[in-house]
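FYI, it's all coordinate maths here, none of it is from the lab. Being a predicted model, the structure only gives us computed values, none of them experimental. Cβ coordinates were reconstructed from backbone atoms using ideal geometry, including for glycine residues, and neighbour counts include every protein chain displayed.
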Amino acid sequence: MKKYALRIVLAVVLVGAGIIAGVNWPTTLEAESNATVPGSADDPVVTKSYVDEQIAKAGGGSGSSGGSQQPETGGTSAKLEVVSVPAGKTLIANEGTEVVVRAGKAVVYTTDSNGVADLTDGKDLTNGKAIPANHHMLFPRAGRGVTTAAGYTKSLTLLVRGSYVIQ
């Protein structure tokens with residue numbers, strides 16, 4: 001009889017454990033993680049090209065290609081952009097534009113007596129002064145720029161951050 005009673009108690013315990021284990025009791029961790037599931041309507045997953053397209057529509061970026069979609073005669077960039085200036089042409093920078101000469105012989109172009117700030121040397125370079133390679137230049141006002149040195153027949157390679165026009 002003892003064996004029979006022990007088997008009944010064991011069966012009841014196992015059935016009870018099975019019922020309890022089968023019930024999906026929500027835990028605090030599960031309740032918190034269900035708040036925002038990636039890919040759900042509350043937290044959609046989007047692609048980089050979609051985000052770039054939306055930024056370009058809002059007028060704040062360069063589209064989905066990742067490169068510059070600015071015309072050859074000008075551009076605007078929040079990050080450093082490689083710009084090639086053909087010989088005899090001038091890059092006219094707007095105020096606040098930053099330029100670094102990477103290759104070529106460049107000189108400052110300005111129509112007034114004031115110049116361009118050479119942040120590397122802490123000097124003011126005026127019209128016609130040579131810009132040393134790899135120096136960080138800041139254009140405090142619009143209408144000033146960078147052009148090729150007299151007699152230099154190759155193009156300049158510049159890093160530009162800000163808006164500019166090539167004339």
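Before moving on, here are some points about what is shown:
- Computed on region 72-166, with alpha-carbon pairs under 8 angstrom and 6+ residues apart, the relative contact order is 50 percent.
- Global form of region 72-166, assessed from the alpha-carbon gyration tensor, a/c cut-off 1.5: rounded
- Kirkwood Rh, Cα atoms: Rg over Rh of region 111-157: 0.94
- Cα centre as origin, Lys/Arg/Asp/Glu Cβ charges: region 72-166 dipole, Debye: 220
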